[in-house]
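We did not get these values from a lab; they are worked out from the coordinates using the rules stated. Keep in mind the model is a prediction, meaning the values are calculated, not measured. Positions of Cβ are generated from backbone atoms using ideal geometry, with glycine treated the same way; all protein chains shown enter the neighbour counts.
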Amino acid sequence: MDRSSKIYVAGHRGLVGSALMLELRERGYTNLATRSRAELDLTNEAATEAFFATEQPRYVFLAAAKVGGIVANNTYPAEFIRENLAIQTNVIHSAWQNGVKRLLFLGSSCIYPKFSPQPIKEEHLLTGSLEQTNRPYAIAKIAGIETCWSYNRQYGTRYLAVMPTNLYGPGDNYHPENSHVIPALIRKFDHAKRNGEAKVVVWGTGTPRREFLYSRDMAAACVHLMSLSDPEFQPVIDTTSETDGAAEPPLINIGFGTDVTIAELAQLVGEVVGFEGKIVFDPSKPDGTPRKLTDVSKLDRLGWRASTELRIGLKQTYQDFLATEIEVS
């Protein structure tokens, strides 16, 4: 990417978008176009088209999305599928209409089947049933991947879909019901510590395994991919199966490469927060997918690997929580 070219970061205030903004600025990209949700409703087709026609970005990072944890996905399934389908359809179509050179669509590793072989390869997409608790969100993201691939095939666009594993980091959502597992645990353990509680109850059995990636690592991977030279980038979007040679979506996993159990994660969060009580698991609550570890060999071959260890990332995330605790209390 030319450092003078205009880059649009859709969803720049969220966990993903804010990390992308920091990464881009640190690398010298200063011509960044952003709009808050109040300034631009990306579910509005006309408004989205008008923005692209006026701003004419050359590169787009599509990080805008409605996201949340198990509770939020179970409570608002219609909103998760409706809003995400609308946002990505409007942005991808407007990008094509206005000659965007490259677009990076950010999804989630929840697109893969509930019982995928481990670690999960990109080619496992659509090979089995999805996890029911986040099915509407996952289907919307799968549609986004297919949209990027369809525009590439029909119109010659250069759109790439990346599927980060479970993300965490500064700028996360610490809402008590609508947040993902790490910010939810940070808030829960901090509350217990402050109030001298003897125990913290964690949803599920604690046995599922999860992979976690620090948000700045994710952003570095995205910028690395978008910065590849044309000869390097073209094979990334012109993909074929490693097993049978069939054409496949332009899709790359972004992950850390190792995972931990939820019980191990809870213990680690408790240590970082400084909670000294007992951790109790509630098996009456849903566990979700048994294991979700991504295969990151494609990304590794392209010259990038995550570097932030989980304990270090959790410490930095907890400091962010403490800095924003008045807003989330």
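Residue 285: which aspartates and glutamates have alpha carbons under 19 Å from its alpha carbon, excluding same-chain residues fewer than 8 sequence positions away?
Residue 285 reaches 131, 177, 264.
What's the FRET efficiency of residue 205 with residue 246 using the Cβ-Cβ distance as r and R₀ = 51 Å, to the nearest 0.05? Can you show the working numbers first?
On the way: r = 38 Å, r/R0 = 0.75.
With R0 = 51 Å, the Cβ-Cβ based efficiency is 0.85.
Send over the per residue convex hull volume for region 148-218, Cα only, as a whole number of Å³. List each step's numbers first, then the result.
Working: hull volume 10.0 nm³, N = 71.
Spelled out: Cα convex hull of region 148-218, divided by residues, is 141 Å³.
Please compute one quarter of the surface area of the Cα convex hull for region 60-188 and express it in square nanometres.
8.4 nm²
Run through all the Cα pairs of the chain and give the fraction in each 10 Å bin from 0, expressed as whole percent.
6, 26, 36, 23, 8, 1, 0
On C-alpha positions alone, give me the angle between the axis of helix 215-226 and the longest principal axis of the chain, in degrees, nearest 10.
Relative to the chain, helix 215-226 is tipped by roughly 10 degrees.
If I model a spin label as a point 7 Å beyond the Cα along the Cα-Cβ vector, how far apart are those points for residue 195 and residue 232 in nm?
About 5.0 nm, to one decimal.
Once the Cα atoms of helix 135-155 and of the chain are each reduced to a long axis, what angle between those two axes, in degrees from 0 to 90 to the nearest 10, is obtained?
Helix 135-155 sits roughly 20 degrees off the main axis of the chain.
For the chain, what is the mean residue ellipticity at 222 nm derived from helices alone (per DSSP H run of n ≥ 4: -39500 (n - 2.57); sum divided by total residues; nearest 500 deg cm²/dmol)? Don't skip to the answer; put the middle values down first.
Working: 12 runs with 140 residues, N = 329.
Computed ellipticity for the chain at 222 nm equals -13000 deg cm²/dmol.
Give the percent of DSSP beta bridges with both residues in the chain that are antiparallel, rounded to the nearest 5.
Numbers: 4 of 33 bridges.
Around 10 percent antiparallel, to the nearest 5.
State, in angstrom, two size descriptors of region 273-317 derived from its alpha carbons: Rg to one decimal place and Dmax to the nearest whole number.
16.5, 44
What do the square roots of 5 times the Cα gyration tensor eigenvalues come to for region 232-291, in whole Å, largest first, as semi-axes of the equivalent ellipsoid?
Working: eigenvalues 327, 50, 13 Å².
Ellipsoid semi-axes (Å, largest first): 40, 16, 8.
How big is region 141-275 on each of its three principal axes, counting only the C-alpha atoms and giving the largest first in Å?
Between the extreme Cα coordinates on each principal axis of region 141-275 lie 60, 29, 23 Å.
Hey, what's the Kirkwood Rh for region 21-117 if you take every pair of different alpha carbons, in angstrom?
Working: mean 1/r = 0.0663 Å⁻¹.
Evaluated over region 21-117, this radius sits at 15.1 Å.
Residue separation times 0.36 nm, minus the C-alpha to C-alpha distance between residue 40 and residue 267: what's the value? Please list the in-between numbers first.
On the way: separation 227, 0.36 × 227 = 81.72 nm, distance 4.10 nm.
The span from residue 40 to residue 267 would gain 77.6 nm if fully extended.
Loop-only check: which GluC sites (Glu not before Pro) in region 25-98 are DSSP coil with at most 15 other Cβ within 10 angstrom? Walk me through the numbers before you get to the answer.
Numbers: sites: 26, 39, 45, 49, 55, 79, 83; in loops: 39.
Sparse-neighbourhood loop GluC sites (Glu not before Pro): 39.
Ratio to report: Rg/Rh of region 214-329, with Cα atoms as the point set and Rh obtained by the Kirkwood method; give two decimals.
On the way: Rg = 18.8 Å, Rh = 17.5 Å.
We get a ratio of 1.07 for region 214-329.
Beyond 30 Å between alpha-carbons counts as too far, so tell me which of 6/188; 66/292; 6/292; 199/292; 6/298 fall in that bin.
Values: 6/188 41 Å; 66/292 21 Å; 6/292 36 Å; 199/292 28 Å; 6/298 28 Å.
The answer is 6/188; 6/292.
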